[in-house]
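Asker: If you scroll down you'll find the structure; I have some questions about it.
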Amino acid sequence: MWLPYALGSALFAGLTAILAKVGIRHTPSNLATAIRTAIVLLFAWLVVLIVGSAPTIGSLSATTWLFLGLSGLATGASWLCYFRALQLADVNQVAPVDKSSIILTVLFAILLLGETKSLAIRLVGITVIGVGTYLMIERLPKRTEVGGSRSWLLYAVGSAVFAALTSILGKVGITGVESNLGTALRTIVVLVMAWVMVFASRQQGQLRSIPRRDLVFIALSAVATGASWLCYYRALQLGPASLVVPIDKLSIVVTVAFATFVLHERLRKRAILGLVLIVGGTLLMLL
């Protein structure tokens, strides 16, 4: 039953990156992240009310609260890094690095959660994904805000590391909580963290000057994120993290396709080969 949720997560996550890229063209990335998170929070709690899981909050253990909070902090850090990277570089540059979090997630799942089934196949899979990611990173320099600087790469790597931590902490945190409620509670932490960053960088004054078009796409990316999260954490609750995460990361196919045909970002043959390897390595781990 977890497979349809994992596929839904991948589809909506792929759309998120494209919509967000358009929405942050004239808006500071931290401010855009904070606005998106507020919308995701509303979306998440609406679903909680629909499924009726809110009354179970009082029964959550201290351990569940702790890991949901830590997962929320990791998510917030990942988002802040990811959307800053998107603002500095092309989607087709950032997405492969971000999706390489699958490598760390699988390793964490093996070492910390004891998910050792088909260990050899999964290790081969993450190796293939690592090679594919490298090939996609090595692209011809394109336009960036910092004149060709690779500072975007540091943000993209940070996004991947924190995303991997999010998956593992989230897997532990949702063991004793209904998945939609867990998502909603985590989002509160992300929202607080995002707005702290906005005020720390003194960007709150720019809120009224955000172009309407940017706001629309920021909102749409938030809805896509909310849908992706709800599918993702339901899949994590039903299936093993070392299988759910690889399927979720197939969102890179959706992202690259939209970036190529909608944003007209070019891919070299080397990068196309890298994408094939990433998808192949991901599918290999599902055997």
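The values are calculated or read from the model by the stated rules, or taken from the named source; none is laboratory data. No experiment lies behind these values; they were computed from the predicted model shown. All Cβ positions, even for glycine, are placed from backbone atoms using ideal geometry, and neighbour counts span all protein chains on display. Just the protein is used for accessible areas: all its heavy atoms, side chains included, with ligands, DNA and RNA removed. Shrake-Rupley method; radii C 1.70, N 1.55, O 1.52, S 1.80 Å.
Asker: Of the residues L49, L243, L41, which exhibits the maximal mean-square fluctuation in a Gaussian network model of the chain defined by a 10 Å Cα contact cut-off?
Answerer: Per the Cα network of the chain with a 10 Å cutoff, L49 tops the list.
Asker: Tell me which of V216, A259, Y233 sits at the most positive position along the dipole axis of the stretch 208-277, charges placed on C-beta atoms (Lys, Arg +1; Asp, Glu -1).
Answerer: Value computed over the given set: A259.
Asker: Ok, one more. If packing is taken as the mean number of other Cβ atoms within 10 Å per residue, what is the order of 99-107, 189-197, highest first?
Answerer: 99-107, 189-197
Asker: Keeping every protein chain in place, order S221, S151 by accessible area at 1.4 Å, biggest value first, i.e. largest first.
Answerer: Sorted by accessible area, descending: S151, S221.
Asker: Under a GNM of the chain (C-alpha, springs under 10 Å), which listed residue has the highest mean-square fluctuation: T37, T127, T56?
Answerer: The residue with the greatest mean-square fluctuation here is T56.
Asker: I would also like to ask the following. Based on the Cβ-Cβ distance from I121 to R268, what FRET efficiency comes out when R0 is 30 Å, to the nearest 0.05?
Answerer: 0.50
Asker: Same structure again: Could you order the peptides 8-18, 276-286 from most to least packed, using the average number of other C-beta atoms within 10 Å per residue?
Answerer: In decreasing order of mean packing, 8-18, 276-286 become 8-18, 276-286.
Asker: From Cα pairs below 8 angstrom and at least 6 apart in sequence, can you work out the relative contact order of the chain, rounded to a whole percent?
Answerer: That works out to 44 percent.
Asker: Using a 1.4 angstrom probe and counting only protein chains, how large is the accessible area of D98 in Å², to 10?
Answerer: We get 10 Å² for D98.
Asker: Can you tell me the length gained on complete extension of the stretch A54 to H26, counting 0.36 nm per residue apart and subtracting the Cα distance?
Answerer: Fully extending the segment from A54 to H26 adds 6.3 nm.
Asker: Next up: To the nearest 20 debye, what is the magnitude of the charge dipole of the chain about its Cα centre, counting +1 on the Cβ of each Lys and Arg and -1 on the Cβ of each Asp and Glu?
Answerer: Once rounded to the nearest 20, the dipole reads 700 debye.
Asker: Right, something else. Just name one of T187, I35, L68: the one whose Cα is farthest towards the positive end of the charge dipole of the chain (beta-carbon charges, Lys/Arg +1, Asp/Glu -1).
Answerer: Working it through, the farthest residue towards the positive pole turns out to be I35.
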